[in-house]
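The values are calculated or read from the model by the stated rules, or taken from the named source; none is laboratory data. Predicted model only: the values in this text are computed from it and were never measured. Reconstructed Cβ throughout: ideal geometry from the backbone, glycine too, with neighbour counts over all protein chains shown. Calculation scope for accessible area: heavy atoms of the full protein, side chains included, ligands and nucleic acids excluded. Shrake-Rupley method; radii C 1.70, N 1.55, O 1.52, S 1.80 Å.
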Amino acid sequence: MATREGALARAATFFDDGGFKSLLSDLVAIPSTAQEEGREADLDRYLNGAIRPWLERLGFTVQVRPNPREGFGPILTGIRIEDAARPTVLLYGHGDTVRGLEDQWRAGLEPWKLIEEGDRWYGRGTADNKGQHALNIAALEAVIAERGGKLGFNVKVVLEMAEERGSTGLREFIAANAKELAADVLIASDGPRVEPEIPTIATGTRGTFHFDLVLKLRPGGVHSGHWGGLTRDPAILLAHALTTMMDRNGKVLVRGILPKDLSNSVRAVLDGCPVGGGDGAATIDEGWGEPGLTSAEKIYGWNSLIVLAMISGRPENPVNAVAPDARAHMQVRYTVDSDPSTFGAAVRAHLDAHGFQDIAVENAGLRMPASRTDPDHPWVRWAQASMAKSLGKKVQIIPNSSGGLPGDVFVDHLHVPLVWVPHSYNGCKQHGPDEHYLIAPAREGILAFAGMWWDLGEAGTP
């Protein structure tokens, strides 16, 4: 007789006997980077050559269609309907990666080959996002096998190949196919857990707002001997402007780009939530950021202001001249509790109030909108209970992950609640060299999803 325990055992056996590692190795070997020209065939090969036959074998009707935006990667949809009266889940992922950066990986590693060392699988896409969506499909396959070819619910898959280019075209695609892709809930995986050992559910993501601060004082550089000490230095002035925007302890002083406060629901769900697992890539500096907030509240419930890049003159080839201009590229990571349409005006007003009228605010705009489902939503709590039953441990809910994902697209056009279940961790180095997947959280992930897929075929779903 088919049982929940049997489904989890099948998933565990597939993982422990090397089946998942072999599968992931094949996926990593496809250099499907969306950020390098000439990889278009690899983007298509990932979908049509690797994912499509797998889903078709599992009973999905699969289509790979061109991106609505020319020059961006294709989008796969897979639909498996058993009973229209049962719940329908939307499973999202992306098969594109960032650049391989082959010359930057340490000796013995390479981006397009899965290499196991200790508790890790190295390779581009292992954590972001091949390993995560492949894990969820593998768990689905275990449940189908245990139930003798049945699931007891319906699944729709969307797999894009332009997420690392801002999910360009995805919004138009989902809007045009909203009826076909209608679902009750999105359950998908991307991003990090709060700590490697703690199963996590995120109910949304922070958005990103970008702008440039630009100070242009003269057409070109002037001799530093003749003019140094007499004419204004744009780098110094821009640095002073930045110090009015954030103090030396990281408190944002442009209050118009921040939420008014943390909501009670956000505070409640983050009470006692740990933050860590950076694997030495960075440190949590106590006292940095918004005073009075915990580390979890700062990164999961608040906004941050970051200088992504800053330049004056030519640092790679300096000359003896006072530079003509200076530029800083800025980013605001924001939650749904603030309105990004007001950010540009808030920055402008702040600079003016501090006497920096000659610093221009250029290229201001939204790159990725924020999204959030109420952490107490029935689907969120259902997923938490299912995962806890499968793993025998506490499952941490956070109101949104610290990074960005296109959840807003699915909320706006499909009106689904968001249940993001990440399988990675903050130190996975997903956008740099030496990207890796921790084996232990991955194993927990396949068990958690096997349990959820099983439970979706039973009574008691929201």
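A few notes on this one:
- Region 361-429-region 182-228 distance, computed between alpha-carbon centres (Å): 18 Å
- Annotation: region 1-70 has a Kirkwood hydrodynamic radius of 14.6 angstrom, from the mean reciprocal C-alpha pair distance.
- Since only Ala321, Thr294, Thr335 are under comparison, the one whose Cα sits farthest along the positive direction of the charge dipole of region 284-340, derived from C-beta charges on Lys, Arg, Asp and Glu, is Ala321.
- Rounded to the nearest 20 debye, the dipole size of region 121-190 about its Cα centre is 140 debye, using +1 on the Cβ of Lys and Arg and -1 on the Cβ of Asp and Glu.
- Surrounding net charge for Val411, when Lys and Arg each add one and Asp and Glu each subtract one, Cβ distance under 13 Å: -1
- Sorted from greatest to least, the principal axis extents spanned by the alpha carbons of region 305-462 come out as 71, 36, 25 Å.
- Pairwise centroid distance, computed over Cα atoms, of region 3-80 with region 241-256, Å: 44 Å
- Base-10 log of normalised Debye intensity for region 154-259 (one unit scatterer per alpha-carbon) at q = 0.11, 0.12 Å⁻¹: -0.72, -0.79
- Alpha-carbon spread of the chain, three principal axes, descending order, Å: 87, 48, 45
- For Ile75, distant residues with modelled amide H under 5 Å away: Arg65, Asn67
- Met310 versus His354: modelled label distance in nm, points set 7 Å from Cα along the beta carbon direction: 1.1 nm
- Per-residue packing, averaged as other Cβ atoms within 10 Å, sorts the ranges 442-448, 245-251 into the order 442-448, 245-251, beginning with the highest.
- Region 72-130 - charge dipole about Cα centre, Lys and Arg +1 at Cβ, Asp and Glu -1, debye rounded to 20: 120 debye
- Those lysines that a straight Cα-Cα span of less than 25 Å connects to Lys113, excepting residues fewer than 8 apart in one chain: Lys21, Lys130, Lys429
- Charge dipole (Cα centre; +1 on Lys/Arg Cβ, -1 on Asp/Glu Cβ; no other charges) of the chain amounts to roughly 420 debye.
- Cα-projected label distance for Ser22 with Ala9, points at 7 Å along beta-carbon direction, nm: 2.2 nm
- Average accessible area per residue (Å²) across the chain - probe 1.4 Å, nucleic acids and ligands excluded: 41 Å²
- Pairs of alpha carbons in region 397-462 whose separation is greater than 18 Å (percent): 57 percent
- Neighbourhood net charge (12 Å Cβ-Cβ; Lys/Arg +1, Asp/Glu -1) for Asn67: -3
- Of Thr283, Thr335, the order by accessible heavy-atom surface (1.4 Å probe, DNA, RNA and ligands excluded), from most exposed downward, is Thr283, Thr335.
- Rounded to the nearest whole Hz, the Karplus-based 3J(HN,Hα) values (6.51 cos²θ - 1.76 cosθ + 1.60, θ = phi - 60°) of region 118-123 follow the sequence x, 9, 9, 10, 8, x, with x at glycine and proline.
- Global dimensions of region 252-381 from alpha-carbon coordinates: Rg and Dmax equal 18.4, 64 Å.
- Environment charge of Thr208, counting only residues whose C-beta is closer than 10 Å and scoring Lys/Arg +1, Asp/Glu -1: +3
- For a label point 7 Å along the Cα-to-beta-carbon line of Val319, residues of region 233-249 with backbone N under 20 Å: 233-236
- Selection from Asn177, Ile137, Pro199 lying farthest towards where the dipole of region 106-224 points positive, charges on Cβ: Asn177
- Loop sites in region 66-107: trypsin sites (Lys or Arg not before Pro), DSSP, at most 12 other Cβ within 10 Å: Arg106
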